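Read through the structure below, which is laid out as C-alpha cells, and then see the notes.
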Amino acid sequence: MGLWNRIFNRDNAEIEVCLHTCGRYSDAHKSADHYTHFDEANRLFEKNHYRDAVIHFLAYLKNDEGDNVTVQENQKNLEFQLLQGSKVISGSLEDGRILMRSPLVSGSEYSVNLLRRLLEKNYDLNYCRFALDEQNQLHTIFESYVKDANPYKLYYGLKEMSLQADKMDDLILSEFDSFKARNIEHTRDESIEIVELKTNLFYRKLQVLQDNLDSGYLSRTHDRNIVVYAILSTFYKIDFLLVPQGQTGNIIERAHHAFYADSTESIEIKISKLKEAITKLQALDPEMIKREWYKVIYTFGINPPVDLQQVQQYIQPEINKVQWYIRQNKFDEAATTVDFIVGYILFNYAVDPLLKSLLLFHYRITNHTFFKEMKFEGDFIKSNGELKKNKLISELKQTIDFFEDDYHAVKIPIDLLQFDNEYHFGYSLLNMIASSYFIEMQARN
Amino acid sequence: MTDCLIEIATPFNTGTGFYIKKFNLIVTNEHVVHDNKEVVIKGKSFEKQMAVVVLIDECADLAFIKPPTKHDMPDINLRLETEPVPGEDIITLGHPYGLNISMTKGVISSIDQKERDMVFIQHDAALNPGNSGGPLIDSHGKVIGINSFVLLKAENIAFALPIRDVIDTFEAYQQSKGGTATRCRSCRKVSYDAEEPSRYCVHCGSEILFPSGYHTYSPVGVPRIIEQIIANLGYDVRLTREGKNQWNIPRGSALVRLSYHKDTGLIDGDAYLCRLPEGEAKAIYTFLMRENFKIKELVFSVKGRFVLLSLMIFDRHLDEDTGILMLERLFDQADHYDDVLVEEYGAAWIEQD
C-alpha cells in the first residue's frame, strides 16, 4: 500500500492531514508502485511499445489519490488530462505524435511587450512553447514524436509545460486587466469557514509583522538580517499554512526571488523591496484574496528534492545564530530565526514526508490557534501558555512510528527537545533534526 | 591591417593569427593550434577553410600555418629597424571570445621580461581568450610582436613575443624542403619531418613532435553522431565546429547553430532567420506567435535582435536517420520562413560574417 493510501486509510491521522493540506505539492517522494510504473514505461519504450509506455508513464504521474490524471483509451488514439494547479493540460497520442496543450488566457489585444516577453521566453524554454491561436487564446504546447518521447523526456517536457502553464496565467492576469482566465473550471472553492479562517490569519500575520516593524522589536534593532528573517518568515508561513494561489502567491514568490537574486543591491534596498511587498499584500482587494484560497490539484512539484543531509547542512550554521541570540537574551530574534529556518526549508525544498512532519511541529506550536480553528485536534499548548510536554512527545513518537516502514535506520534523538517555551522548543527541534539519521527507501531523485 | 587578420579555430580553442606576405605564412601562437595538424581559418578576403600547421615552436609559443591558395591579403609592416621602448603607445588586434575584430590600446611596460628562457614585451592592453596570436602594433601601424599570454588574476599584464624572434624562426624554417617542422625546446634548432622523422631531435636528442604527428580530432558519443549527421547533410564537419559541443551550419541566408548540452542530454538546433524590423514589431511578433500554434516540432523565438526557429532533440534516442530528418525539416522551414519574414514583415537579412 502506498504511503498516501495508508495516510488516508488511517483514522485520526492528524499529522498526515496537515501534511496534505499545508505547504507546496511535491512529486519527489512517490511510492514503490509509482516507480514500478516508471520502470515499466522505460522497458516498454525500449521495446518500441510506445502506447503502453505512455500509459504506464501516466500511471507514474498519478498522485496517491489518483485524481490528477485521467486517461481515455480507444483503438486509434489515447487522450489524457493532467491537473496542475489552476490549469488542465490536455494531451493526445495520435499518428505517432504526442501533443499536449493548455489554454491559459484569452484577450482581444496582446501588447507588443507581452508578445516580446513570450517570444523571449520561448528561447529559454527547453521543451515547450507559448503560442497564440486564431481565437486569441494563449497556449502552452509540448509535442514530440512518440519515438523520441522516452519517459525521461516526457517527464521533463510535461513538467516544464505544466509549471509554465500554472504560473504564466497568474502573471498575465495580474498585469493585464483585459485578459480572461481560461481553463479554470476544475478548481474547487474552499468552504466559507475555511476561507474566513485563512483570510483572518493572512491579515493577522501581516498586522503582527507591520506592528513589529513600526513599534516592536524590529523597529529598535540595528540587526538588518533579523528584519529580513522576520519579513521572509512571515511570507513563508503564509505560503505554507494558507497555500495561496494567484496574485497573493505571486507577490510572495517574487519578493523571495528578488531578495535572493544575485545582484549588487545593498541590504537596505533589498529590505525596502520586501517592505514594498508587504504593502502590496496589504493593498490587495479582500474579496479577491478570499477567491485565492481555492483548492487545486497538482501533478508536478516546483521545489527541488533534498535529502536529510542537505537540510542538515543548511540548518547547522543557522542554529548557531539562534544559540547566539538566546545567549544574548534576544528571545524575539531567536524565535524569528527559528521561524525563518523552518519556513525557508519548507518554501524552497521538497523534503520527504517524515522531515516535513517534524518541521511541521514548529508551526503547529507557534500557530496553534490556527490549527485549532482548522479543527485539527492536536493542541500542544496549555491554557497558561506552557507546552504540553507529554502530549508532544507522544505525538512525535507516533509520527516517527507511522513513517518507519518507509525509512531505513531511523534515529531521531527526541531527548534533545526542550519544552520550556516555544522558541526553546523550536531551537531544540532543529537541533534534533540536525542530529537525526534516516533514509527514505523509495527516494530516487 | 585588419585585412591581414585571421580567425583561427580548433575543436579545443579559438585564437587570432595574421598573414606575413614576406613569409607567405600565417603567424600565431603554438597554444592556439596545440595538438592539431590542421585548423580552421577565416579572413576578410577568403572563405572559412582548413589550413595545415607547418611549424611549431613551443618554447616561443609560436606557430606557422599555410595560407589559403587564393586570397587578397596585403603585406603587413614589420618594425625591424628599431626596438620598442617602455612607455610607447601600442594597440592590439584580435578575435576575443571568437567575436569580430576588436582593438584594445595600451602602453609598453617593459621590453625584457623573461619567461621560459625567452624575452617578451610586457604591455598593459586588455587581452582576452581569443586574442592570442594577434599582432601587437606600434603607433605607426607596424607590428612589433605577437600577443602570447597574460598573467592570470592580474590587471592587464600581457606579454608579446618580439617580432625579431618570429623573423629568426622563419629564417630557420626556410631551410625546410616541404613537410612540417618543429623547433626544439632544448637546443632551439629547427627539425623537419621530411628529413628527420624521428621523435628525437637529431641535434640534442630531446623528444620532439612534428605538427604532422598530431592525431586528427575525432569526437565520441553524441557529438560523434551529430557530426555524422552534419557530414551526411553534405557539409565539411571540420568547418562547422565551434568547440567540441557546438556547430555552426550556414544554410542559405540562415545560420543554424547546433549545441549539445551534456548535462541535460539536450541538443538544440537554432536557426537564426533574420533581424527584427527597425520599427514596429507587433505584426511580426503576432505572426510568430500564431505560427507557433500551427508548426510541428519547431518553435519560433526572439533573442536580442534576432528571430530564431529552433528544434530540440533528446540525446538518448538520437540516431542518424532521425537526426537528418529533423535537421532537414529545420533547414526547409528556415528557408521558407526567412523569406516570409523579410518580404512581408520588414525583417532584415543577417550578414554572414
| field | Cysteines without a disulfide-compatible neighbour (Cβ-Cβ under 4.7 Å), chain B | value | B:Cys4, B:Cys59, B:Cys274
| message | For segment A:189-295, report the % of Cα-Cα distances exceeding 21 Å. | response | 35
| note | Expressed in nanometres to one decimal, the distance between label points 7 Å along Cα→Cβ at A:Ile414 and A:Ser92 is 5.6
| query | If contacts are Cα pairs under 8 angstrom and at least 6 residues apart, what is the relative contact order of segment A:28-181 in percent? | reply | 20
| Long-range Cα-Cα pairs in chain B (distance over 39 Å), rounded percent | 26
| said: Give me the net charge for the shell around B:Pro211: Cβ to Cβ below 10 angstrom, other residues only, Lys and Arg +1, Asp and Glu -1. | reply: -3
| remark: Placing each pseudo-label 7 Å from Cα in the direction of the beta carbon, A:Phe176 and A:Gln309 end up separated by a distance in nanometres of 4.8
| Using the beta-carbon distance between A:Lys372 and B:Glu242 and R0 = 60 Å, what value does 1/(1 + (r/R0)^6) give for FRET efficiency, to the nearest 0.05? | 0.40
| field | Average partner coverage of A:113-125, which counts Cβ from other chains inside 10 Å | value | 6
| request: Divide, for segment B:186-241, the radius of gyration over alpha carbons by 2.2 N^0.38 Å, where N is the residue count. | output: 1.75
| note | Within 10 Å of the Cβ of an average residue in B:288-298, the count of other chain Cβ atoms is 6
| How high is the relative contact order of chain A, in percent, with contacts defined as C-alpha pairs under 8 Å that are six or more residues apart? | 17
| Which lysines have a Cα less than 19 Å from the Cα of A:Lys76, not counting those fewer than 8 places away in the same chain? | A:Lys147
| request: Please report, to two decimal places, log10 I(q)/I(0) for chain A at q = 0.08, 0.14 Å⁻¹ as given by the Debye formula with identical point scatterers on the Cα atoms and no solvent. | output: -0.50, -1.44
| field | Residue-count net charge about B:Leu25 - beta-carbon cut-off 15 Å; Lys, Arg +1, Asp, Glu -1 | value | -3
| field | Electrostatic dipole magnitude of segment A:75-230 [Cβ: Lys, Arg +1; Asp, Glu -1; Cα centre; debye, to 20] | value | 420
| message | Which lysines, if any, have their Cα less than 22 Å from the Cα of B:Lys44, not counting same-chain residues under 8 positions apart? | response | B:Lys21, B:Lys22, B:Lys66, B:Lys70, B:Lys142
| task | Could you list A:His222, A:His139, A:His37, A:His368 in order of exposure, starting from the residue whose Cβ has the fewest other Cβ atoms within 10 Å? | result | A:His222, A:His368, A:His37, A:His139
| task | Report Rg/Rh for segment A:240-361, rounded to two decimals, where Rg is the Cα radius of gyration and Rh the Kirkwood radius. | result | 0.99
| Around B:Lys105, what is the net charge, scoring Lys/Arg as +1 and Asp/Glu as -1 over all other residues with Cβ under 14 Å from its Cβ? | -4
| remark: Note on segment A:36-98: contact order normalised by length, alpha-carbon pairs under 8 Å, 6 or more apart, percent, works out to 20
| query | Average partner chain C-beta neighbours within 10 Å, per residue of A:144-153? | reply | 4
| note | Computed from every Cα-Cα pair in the protein assembly as shown, P(r) in 20 Å bins starting at 0 and rounded to whole percents is 13, 34, 31, 19, 2, 0
| For A:Met432, A:Met288, what's the fewest-to-most ordering of other Cβ within 10 Å of each Cβ? | A:Met288, A:Met432
| request: For segment B:68-175, restrict the atom set to alpha-carbon positions and state the Rg and Dmax in Å. | output: 13.9, 42
| said: Quick check on my link table: of A:Lys153/A:Lys280; A:Lys153/B:Lys303; A:Lys153/A:Lys397; B:Lys262/B:Lys296, which ones sit more than 31 Å apart, alpha carbon to alpha carbon? | reply: A:Lys153/A:Lys280; A:Lys153/A:Lys397
| Between segment B:73-105 and segment B:303-353, the Cα center-to-center distance that results, in Å | 38
| Under a GNM of chain B (C-alpha, springs under 10 Å), which listed residue has the highest mean-square fluctuation: B:Leu258, B:Leu311, B:Leu266? | B:Leu266
| field | Candidate aspartates and glutamates - alpha carbon under 16 Å from A:Lys290, same-chain residues fewer than 8 apart omitted | value | A:Asp170, A:Asp189, A:Glu190, A:Glu193, A:Glu196, A:Asp239
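The numbers here are math on the coordinates, done by the rules we state, and not lab data. Being a predicted model, the structure only gives us computed values, none of them experimental. Note that each Cβ is placed from the backbone with ideal geometry, even for glycine, and that neighbours are counted across all protein chains shown.
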